[in-house]
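K.L.:
If you scroll down you'll find the structure; I have some questions about it.
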């Protein structure tokens, strides 16, 4: 299995498209408004993250076999990217229609449903006492266009919740330029390591080895692309990723975690602070009688760290180190160990949420 060529392709293509964005977007007046968010710098190209789904899809077409999972992945990506592209264009003042948070949430669910109809989903979760919990026991078969389909309630529900949670966790994380692209690079490399170790197991059937190798390739394609994009983000932003890019990254990371053998616990550890931060913010909004998906508040971890005086670079390095630590840890822990670390993460998140000052104050 060739891992070098796909990652090189995605890395170089992202660099080339990023350089194109730097030249073309200013002419099209697709620029951010830094002073609106308290930054004293010149405007830079906005929604440059649109190149990330483009690079990923082109890489899929070049290097991966075409099947229903392939089609579902592209279809779900296009559904999610479309609504966030509209949202970015509205923010730039290019179109008048502004998608509501509820509509964006519905498109996230729709993207997850596209995956489900393509046969992609969470069919089991690990049992900390050994073995697995099979989620496919409740089934409802039905015929559509002459083809028999089956609704499996628990896997479908778990898949939708997982997709929506990770998409929003990554989307909300980009309060500091470079945060989402850096975390996605770390997560992609972690899933690559997980899939590679799985592919090297002697007890796997040949088709399972091939599937693990394919996920490893996809993870490297993502990591190569996001690392190239990160170079435009750090140490100072030259391109802003936008909602299109962050939503795509959350979607693909959630799907790769499913592809890697329902290793949700591993992905959760890598993205742990972001996912728990998202859950914390949702809880805070509900407790304040606000819709959980609405509100440009400053309750997120990066906002709170800014409030205590940390700069953007310091916040980024801190978050990168935390994600890297838990990503490496996840590769060597069994299910029980991962659950233990999750509990520790949850406790730390609660303590930070209670102790750190709100960015709104």
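K.L.:
Would you mind finding the one in 76, 49 that is touching a residue at least 40 places away in the same chain (Cβ under 8 Å), under 16 Å from the mean Cα position of the chain (by Cα), closer than 22 Å to residue 160 by Cα and part of a helix (DSSP H, G or I)?
P.N.:
Testing whether each residue is touching a residue at least 40 places away in the same chain (Cβ under 8 Å), under 16 Å from the mean Cα position of the chain (by Cα), closer than 22 Å to residue 160 by Cα and part of a helix (DSSP H, G or I) leaves just 76.
K.L.:
Mind checking which helices (runs of 4 or more DSSP H) fall wholly inside the range 162-274 and carry at least 2 residues that are within 18 Å of residue 60 (Cα to Cα)?
P.N.:
It comes to 179-199, 206-230, 242-259.
K.L.:
Cβ-Cβ below 6 Å, separation at least six or inter-chain, first residue in the range 185-205 and surrounded by fewer than 13 Cβ atoms within 10 Å (Cβ to Cβ), second modelled with pLDDT of 90 or more: which pairs?
P.N.:
Pairs that qualify, where the first residue is surrounded by fewer than 13 Cβ atoms within 10 Å (Cβ to Cβ) and the partner is modelled with pLDDT of 90 or more: there are none.
K.L.:
What are the pairs, 6+ residues apart or on separate chains, where a residue within the range 249-268 that is within 18 Å of residue 204 (Cα to Cα) has its Cβ under 8 Å from a residue that is assigned to a loop (DSSP other than H, G, I, E, B) and at pLDDT below 75?
P.N.:
Here the result reads 262/123, each pair linking the range 249-268 to a residue that is assigned to a loop (DSSP other than H, G, I, E, B) and at pLDDT below 75.
K.L.:
Within 17 Å of residue 251 (Cα to Cα) and buried (at least 18 other Cβ atoms within 10 Å of the Cβ): does that describe residue 57?
P.N.:
When the stated conditions are applied, residue 57 does not pass them.
K.L.:
Follow-up question, since we're still on this one. Say whether the condition of being surrounded by 21 or more Cβ atoms within 10 Å (Cβ to Cβ), over 19 Å from residue 7 (Cβ atoms), touching a strand residue (DSSP E or B) at 6+ places or on another chain (Cβ under 9 Å) and modelled with pLDDT of 90 or more is met by at least one residue in the range 218-240.
P.N.:
yes
K.L.:
Just the residues that are assigned to a helix (DSSP H, G or I) and at pLDDT below 80, please, taken from the range 288-325.
P.N.:
Matches in the range 288-325: 301, 302, 303, 304, 305, 306, 307.
The values are calculated or read from the model by the stated rules, or taken from the named source; none is laboratory data. Predicted, not measured: the structure shown is a model, and the values here were computed from it. So basically every Cβ, Gly included, is an ideal-geometry build from the backbone, and we count neighbours across all protein chains shown.
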